[in-house]
1. Considering only the range 221-243, I want to know if a residue exists there that is in contact with a helix residue (DSSP H, G or I) (Cβ under 6 Å, 6 or more places away or on another chain), of a type in the set (S, T, Y) and either at pLDDT 80 or above or not in a helix (DSSP H, G or I) (or both).
2. Which ones in the range 162-178 are surrounded by fewer than 19 Cβ atoms within 10 Å (Cβ to Cβ) and either small (G, A, S) or touching an Asp or Glu at 6+ places or on another chain (Cβ under 6 Å) (or both)?
3. Under 7 Å between Cβ atoms, at least 6 apart or on separate chains: pull out the pairs that start in the range 33-45 with a residue that is of a type in the set (S, T, N, Q) and end on any residue that is surrounded by 14 or more Cβ atoms within 10 Å (Cβ to Cβ).
4. If you go through the range 185-198 one residue at a time, how many are more than 25 Å from the chain's Cα centre (by Cα), free of Cβ contacts under 8 Å to residues at least 12 places away in the same chain and either in a helix (DSSP H, G or I) or within 26 Å of I457 (Cβ to Cβ) (or both)?
5. What are the residues in the range 254-312 that are among the polar types (S, T, N, Q), assigned to a loop (DSSP other than H, G, I, E, B) and buried (at least 17 other Cβ atoms within 10 Å of the Cβ), if any?
6. Can you name the residue in the range 179-195 that is farther than 14 Å from P483 by Cα and in contact with a Lys or Arg (Cβ under 7 Å, 6 or more places away or on another chain) and, of all such residues, is most open to solvent (accessible area, probe 1.4 Å)?
7. Please identify the pairs in which a residue from the range 161-174 that is touching a residue at least 12 places away in the same chain (Cβ under 8 Å) has its Cβ atom under 6 Å from the Cβ atom of a residue that is in a helix (DSSP H, G or I) and of a type in the set (F, W, Y), counting only partners at least 6 apart or on another chain.
8. K255 passes all but one of (1) at pLDDT 90 or above; (2) farther than 28 Å from M19 by Cβ; (3) of a type in the set (D, E, K, R); which number fails?
Amino acid sequence: MSSEKLIDYKIFVPSVLIMIAISIPFAMYEAESLSLLNSIFDTIVDVFSWGYLWYGIILVVAGLYFAFSKYGQVVLGDPTEKPRFTLFEYASILIAMGVGSTIMRTGMLQWTSVANDPPAGVSAGSAEALLWGNAYSMFLWGFQVFAIFVMSAPAMGYILHVKKRPLMRISEACRVLFGDKFTDGWGGRALDILFLISILAGASVTLGLGAPIITHNLSNLLNTEVTFGMTILVTIVWVFLFSLSAYLGIEKGIKRLSTMNMYLAGIFAVFVLIAGPGVFILNYFSDSVAFLLTNYLNLSLNTESVYEGKASHIQSNTVFWFAYSATWAMLHSVFAAKISRGRTIKEMILTYLLAPTMISWIATGVLGGLGVQRYLEGDLSILKLVQEDERMAAIPEILQTLPLGEVSIMIFMVVALIFLTTTLDSTTYTVAAYTSTRDMSKYEPPKTLRIIIAMIITAFALILMRIGGLPPLSVVSGLMGLPIIVIQFILIYAAKKMMDNDLAWSRNTRKSN
């Protein structure tokens, strides 16, 4: 079969053309575009702060309902077959996709933002502010964000593995609600184009803004300035890695890279504990978890409505975080659905809620604990550094304080690079699967298409990095979370309706011996 017949140009071409049309004015008028888009985004955040907070809570409740009700026992696929991956492999892939390299940045530095701008009534830089900081960093990688990522997956997994629908698309999952005419017509096509635009924009932003995690550590090692040439070099290596991984596929590429990185990240964490202030880190981790659990509802729902003045970092950033998480929700769910053959809905939801959360809290405890201890000992003026300098520059400064500091920086860079790679290889693979006309219930997306997608994402990112337009695109990416939220709730209802219509909880479950 020729490659042309494997690509659905009706959704692929319009998505790319719309991306180009959006990006050109951003590049030409970056400052004006950014100002306008930020104003729109800030207004939406101000008006819907309460909505975004409740949105996270509602999805957690929906996840628990699906997991522990009769729907949780439904198998995504043939109930007699074994799951496609072992639990460790499955969890590793979901962690790599769900957490990515962002945990390396937030785990190390997020506490500084809260310590500099704590909740009302708390003094900046105080002991209480430090506890708020790490607890909040853990909260960002908690149950709400992973519920946002996974709760469209039951519908997508059901149409793919149970209904055996050939196309792995949002429109297909909505067929049970909107009927054939809408799904096969302009309505279904609009849903699929919206998905592709949001993912292509988000992936370009990730590629463009993810490079500094590597370049600032590399410049510290080489004792040079961060240049665009260095950024290009890092990006080329990164693109080669995620393109190769996506080309090799899930078993040979994504799975191996994800599981290897779990081991490597574990070795790095143990090294930091042994070579660094291990006792302090473990104590601070315990204090942070206790503080988080004590204040979990406060962090989840507080809008600071009765406090005058500007909202604190926690209040404003939480809404921002959920809004951006919504942008990525469909990608995570489509990918989770693809790799969940043989898993029950309960296994899929609980693995995504628990495994990334656990790893994220450990990473935050280790990386954040190291930074806080160095701040308390007076080794580094970290709070001043993140305010005055590039935030990413603080990471190698903290790592440099460890024995074998240069080795620590190199290991950190490798782990971060692999995390970045596993995020974008999953993205590339998913977009290729989404745009392919090949039967996704039986086959993998064409390898040539995976490379084409990788090249398009790279081209957008590099051009916008060079000529401008990346910051406005990142705001647009956040704005696209609003329609995605509506689609999420539609797909949650569609999953329930499909399983009710099929009596799936009695027909498609594992039979006890």
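1. No, because not a single residue in the range 221-243 is in contact with a helix residue (DSSP H, G or I) (Cβ under 6 Å, 6 or more places away or on another chain), of a type in the set (S, T, Y) and either at pLDDT 80 or above or not in a helix (DSSP H, G or I) (or both).
2. Hits for the range 162-178 are R165, P166.
3. Listed by first residue and then by second, the contacts come to S33/F26; S33/P472; N38/V475.
4. Result for the range 185-198: 1.
5. Residues of the range 254-312 that are among the polar types (S, T, N, Q), as a first pass: 258-259, 261, 283, 286, 288, 294-295, 298, 300, 302-303, 305, 312.
If we keep only those that are assigned to a loop (DSSP other than H, G, I, E, B) as well, we get 295, 302-303, 305, 312.
Result: N295, N302, S312.
6. R189
7. I170/F195
8. (1)
The values are calculated or read from the model by the stated rules, or taken from the named source; none is laboratory data. Values in this document were obtained by computation on a predicted structure and should not be read as measured data. Cβ atoms come from the backbone with ideal geometry, glycine included; neighbour counts cover every protein chain shown. Surface accessibility is based on the protein's heavy atoms, side chains included, excluding ligands, DNA and RNA. Shrake-Rupley method; radii C 1.70, N 1.55, O 1.52, S 1.80 Å.
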